[in-house]
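*Asks:* Have a look at this one before I ask anything.
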Amino acid sequence: MTLRVIAGKAKGRKLKSVPGDTTRPVTDRVKEALFNILAGDVINSHWWDLFAGTGAIGIEALSRGASFVRFTDSNRAPIETIKFNVAQCRFLEQSEIRRGDAFTLLSGQPDAQFAYIYIAPPQYQEMWIKALELVDENINWLSEDGWAIAQIDPKEYKSLSLENLEEFEQRKYGSTLLVFFERKN
């Protein structure tokens, strides 16, 4: 599967994949659907691509007008791949690329607020649940009207009871389920 940017300033740019099979790149169909849902809200938004892998989601957000993306991953290969892809698409100035454990980072004192926290961790380990619980505990990672979005296999889905976040939407595309959470009113 060729990874590419599908719209915006970097449209058509090819992205390098992470060597090996530690990441699962998002399909164009899912990316297109996600950004159709978000539409104009992407403009000038801040993102945290939490288990960034290739950086494809964050780069797509930047290409479509987001003003800043923090990319994090715990392994060296994805971090090197993200650096290459971000530079290739000329988004270094709007990016912060950090190597670190997602759970440790989320447990820390929020040093920024994000309109979107995109959570697409390795599958079948309930890591998406742990990540959402940490966002819920440290709700100030999310801006007032911010969303946490989990990308999981539909088989992994469980209804979560969270204190500060509530699920408001799900969209299924083949073997990918996007689950949307926002702050409770």
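*Asks:* The conditions are (1) under 23 Å from GLN109 (Cβ atoms); (2) in contact (Cβ under 8 Å) with a residue 40 or more places away in the chain, and ASP136 fails exactly one of them. Which is it?
*Replies:* (2) is the only condition that ASP136 fails.
*Asks:* Considering only the range 117-162, state which residues are polar (S, T, N, Q), touching a strand residue (DSSP E or B) at 6+ places or on another chain (Cβ under 9 Å) and at pLDDT below 95.
*Replies:* GLN123
Residue-wise test of (1) of a type in the set (Phe, Trp, Tyr); (2) crowded, with 23+ Cβ neighbours inside 10 Å.
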| residue | (1), (2) |
| --- | --- |
| TYR116 | yes, yes |
| ILE119 | no, yes |
| TRP128 | yes, yes |
| SER143 | no, no |
| ALA150 | no, yes |
| SER161 | no, no |
| ASN164 | no, no |
| GLU169 | no, no |
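*Asks:* Can you list residue pairs whose Cβ atoms sit under 8 Å apart, with the first residue in the range 74-97 being touching a residue at least 60 places away in the same chain (Cβ under 8 Å) and the second being β-branched (Val, Ile, Thr) and part of a helix (DSSP H, G or I)? Count only pairs 6 or more apart in sequence or on different chains.
*Replies:* Every condition considered, the pairs that remain are ASN85/ILE59; CYS89/ILE59; PHE91/ILE59.
*Asks:* If we scan the range 98-108, do we find a residue that is among the basic types (Lys, Arg), within 15 Å of LEU34 (Cα to Cα) and outside any helix (DSSP H, G or I)?
*Replies:* Checked against the condition, which is being among the basic types (Lys, Arg), within 15 Å of LEU34 (Cα to Cα) and outside any helix (DSSP H, G or I), the range 98-108 yields no hits at all.
*Asks:* Here's a follow-up. Considering every residue within the range 27-39, establish whether at least one is surrounded by fewer than 17 Cβ atoms within 10 Å (Cβ to Cβ), touching a strand residue (DSSP E or B) at 6+ places or on another chain (Cβ under 9 Å) and not in a helix (DSSP H, G or I).
*Replies:* yes
*Asks:* Mind checking which residues of the range 43-95 are of a type in the set (A, V, I, L, M) and out of contact with any Leu (no Cβ under 9 Å at 6 or more places or on another chain)?
*Replies:* The answer is ILE43, ALA52, LEU62, ALA66, ALA77, ILE79, ILE82, ALA87, LEU92.
*Asks:* Moving on to the next point. Quick check on my filter: what residues within the range 77-99 are surrounded by fewer than 16 Cβ atoms within 10 Å (Cβ to Cβ), closer than 19 Å to SER63 by Cα and hydrophobic (A, V, I, L, M, F, W, C)?
*Replies:* Once the filter is applied, which keeps residues that are surrounded by fewer than 16 Cβ atoms within 10 Å (Cβ to Cβ), closer than 19 Å to SER63 by Cα and hydrophobic (A, V, I, L, M, F, W, C), the range 77-99 yields PHE84, ALA87, LEU92.
*Asks:* Okay, next question. Please go through (1) out of contact with any Phe, Trp or Tyr (no Cβ under 6 Å at 6 or more places or on another chain); (2) buried (at least 16 other Cβ atoms within 10 Å of the Cβ) for TRP48 and return the number of the only condition it doesn't satisfy.
*Replies:* (1)
The values are calculated or read from the model by the stated rules, or taken from the named source; none is laboratory data. All figures in this text were calculated on a predicted structure; none of them were measured in a lab. Cβ atoms come from the backbone with ideal geometry, glycine included; neighbour counts cover every protein chain shown.
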